[in-house]
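The block underneath contains the structure these notes are about, expressed in structure tokens.
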Amino acid sequence: MITILSFSGRPDGNSIRVANTIADAVGKDNTQIIDFSEVNTEPCHHCHCDCFLPEGKCPINDDVVDIYRKIMDSEQVFFVLANYCGYPNAKYFAFNERSCSYFLRNRELLAKYLAVPKKFVVISNSNQEKFTELMQYQVPNNTTPEILFLSSAKFKISSFAGNLMDVPEAWSLVTTFARTTVTKMSDRIYLLDDNHEATGYLVVGEEKALVVDTMNGLSNVLQLVRAITDLPVMVVNTHGHCDHIFGNIYFEEAYVHKNDLPLAREHSSFPEFKAMCEQHGMTMPPFKTIEHGEVIDLGGATIEVILTPGHTKGSICLLYREERVLFTGDAVNCHLWMQLDHSLSIRELADNLEQLLYLKEHADKILHGHAHDYEPISLLQELYEGARELAEHPELAKNDPPYHWFGAPAKQHPFGNGNKVICYNENNIC
């Protein structure tokens, strides 16, 4: 569960609208919003108990302790705060000062609270340094709080109008901040995690930068890139599926292999996606084609394009030679979808992977299209062996468990350590 705290006494102000935008971005089914205009929070100045003494026990009976418990049970928490005269409002201070009595005698409980991942959205035209200092108390020591500052003055509107989320750029900033986590993997590689639904990458060279897959389209990938580098940017999609190309809308062009061009155009025509683009005034840029064997020179970083048919006909991998990293999209991963109508057969997959085993001599690590960290290059060998085993012994399908997804019935074949699977259609093995 993701918890969103709106620290405002205004039931229809910017804070609660930002909280609702965050819920929309990360998925309402997995969120709870705590609106401080509705909960009971009693400040400590009404109390005469010295909670710092051993016998001190907080006599206040309100909702704050329950909120602390909800936070500790959460997988992630968002704080939404507004600037009142240079500081958070009284609702936040009442919430924060009560931590003295709640956590004072239980350091393990405090450590658990601080360890919960938190992000902060501060609606403020000034005093950012003070908010950064105050939010430091909500995260572990030696951790910099991750804060998005939103200024209504920047968008030339009144902070009291409550319409900040009606500004497309402000909406995009909040949505991107809520959905996306950026992890620096090396001096040149950044992992872009889009709400644990898809993963893109940024490789920064000396002369230009490369975006590998743009994910689902709700996160403004260009904003993320510009927070890291101002170099010219090239976009390459590893294949034509929607969760790898929809973020192209933030760029002027994108490259895909010619064999996946029809698929990319088909997915770009999905009604829901077209409606989202119209709502926010966005358009899909033109696709350009990229070929097997092409080398992209970023300046100090060279990326080789390697055709890898299987998951789709035009799937590609990208070999970053200098760092010995293979970006594989969905062509090589731990949960490979081969049950799609446009996927090749398992035998064709095995044959194609066999041709790529030489890459074990040129790469040490894999970053795939749904990764949160590196996988060892041995994943390539394991996937090949699993596909070859099924292709040579299709009778194994009888004992493979079913795979449940939103499409037609399928099966899953374990490979590697048994925790990885190839999902497939029983009629498309050979």
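The values are calculated or read from the model by the stated rules, or taken from the named source; none is laboratory data. These figures come from a predicted structure and were not determined experimentally. All Cβ positions, even for glycine, are placed from backbone atoms using ideal geometry, and neighbour counts span all protein chains on display. Accessible surface areas use protein heavy atoms only, side chains included; no ligands, DNA or RNA. Shrake-Rupley method; radii C 1.70, N 1.55, O 1.52, S 1.80 Å.
I'd like the antiparallel share, as a percent to the nearest 5, of DSSP beta bridges with both residues in the chain. Percentage antiparallel, nearest 5: 50. The length gained on full extension between Asn399 and Arg10, counted as 0.36 nm times the residue separation minus their Cα-Cα distance, comes to 134.2 nm.
A DSSP coil position with no more than 13 other Cβ atoms inside 10 Å describes the following chymotrypsin sites (Phe, Trp or Tyr not before Pro) in region 326-430: Trp405, Phe406.
If you take the Cα centroid of region 176-234 and the Cα centroid of region 106-169, the two points sit 22 Å apart.
Annotation note: GluC sites (Glu not before Pro) in region 257-320 located in DSSP loop regions with a Cβ neighbour count of at most 16 within 10 Å are Glu291, Glu294.
Within the same chain, lysines fewer than 8 places from Lys119 are excluded, and of the rest, those with a Cα less than 21 Å from its Cα are Lys28, Lys70, Lys91, Lys130, Lys184. Taking only Cα atoms, what is the 0 to 90° angle, nearest 10, from helix 14-26's long axis to the longest principal axis of the chain? Roughly 30 degrees between the two axes.
For region 185-299, what is the accessible area per residue in Å², given a 1.4 Å probe and the full set of protein chains? About 41 Å² of surface per residue is accessible. Ligands, DNA and RNA left out, the 1.4 Å accessible surface of the chain is 49% carbon and sulfur atoms.
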